[in-house]
Amino acid sequence: MIAFMDWLGVSLIFIGSLLTLIAAIGAVRLPDVLSLQHIATKPQVMSLMLFMIGVMLVVRDSTVTWTLLAVIAFQLVTSPISAHVISRAAYRTHKVDNSRFDVDDLDQDLRSGWDLTVD
């Protein structure tokens, strides 16, 4: 059983590392900010989770496991927020090609000015 856990852990570490490599290649090849923020968040979170779960299976220490679970939870919480902030900032600074959108929901918000003053 221990040999199976080690084998499974090493396999998850390898798959996580492979996903990171694929994301790095995509980061070099993709053309625009929205594609780059996509490749920086979605595959990286999955590869980090696989890698950390693999390390948990190989090490099998409660302190390491709880620390890695905290890292995974923090990554799951912060990654979507950072992706949203990056894409919104890129859109507002006109670094995004709007012609590629089917529907542009933010255009109307920017045109209206979003008056946030309270009367």
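Any read-out appearing in this document is the output of simple, stated calculations on the displayed coordinates, not a laboratory observation. For clarity, every value in this text was computed on a predicted model and none was experimentally measured. Cβ sites come from the backbone with ideal geometry, for glycine too, and all protein chains shown count toward neighbours.
Going by what's in this entry, would Pro80 be described as farther than 30 Å from Ala3 by Cβ and not in a helix (DSSP H, G or I)?
Spelling it out, it is not the case that Pro80 is farther than 30 Å from Ala3 by Cβ and not in a helix (DSSP H, G or I).
Given the criteria touching a residue at least 60 places away in the same chain (Cβ under 8 Å), in a helix (DSSP H, G or I) and surrounded by 18 or more Cβ atoms within 10 Å (Cβ to Cβ), does Leu34 qualify?
yes
Just give me the residues in segment 86-103 being of a type outside the set (Ser, Thr, Tyr) and closer than 11 Å to Thr41 by Cβ, in sequence order. Please lay out each step first, then the result.
Step one: list which residues in segment 86-103 are of a type outside the set (Ser, Thr, Tyr), which gives 86, 88-90, 92, 94-98, 100-103.
Hit for segment 86-103 is Ile86, nothing else.
Filter segment 53-81 down to the residues that are over 22 Å from Ser17 (Cβ atoms) and either surrounded by 12 or more Cβ atoms within 10 Å (Cβ to Cβ) or of a type in the set (Val, Ile, Thr) (or both) and list them by number.
Taking segment 53-81 as the starting set, the residues that turn out to be over 22 Å from Ser17 (Cβ atoms) are 62-63, 66, 77, 80-81.
Correct list: Thr63, Val77, Pro80, Ile81.
Criterion first (in a helix (DSSP H, G or I), under 30 Å from Met5 (Cα atoms) and over 13 Å from the mean Cα position of the chain (by Cα)) does Thr65 satisfy it? Talk me through it step by step, then tell me what you get.
Working: in a helix (DSSP H, G or I): yes; under 30 Å from Met5 (Cα atoms): yes; over 13 Å from the mean Cα position of the chain (by Cα): yes.
Against the criterion (in a helix (DSSP H, G or I), under 30 Å from Met5 (Cα atoms) and over 13 Å from the mean Cα position of the chain (by Cα)), Thr65 qualifies.
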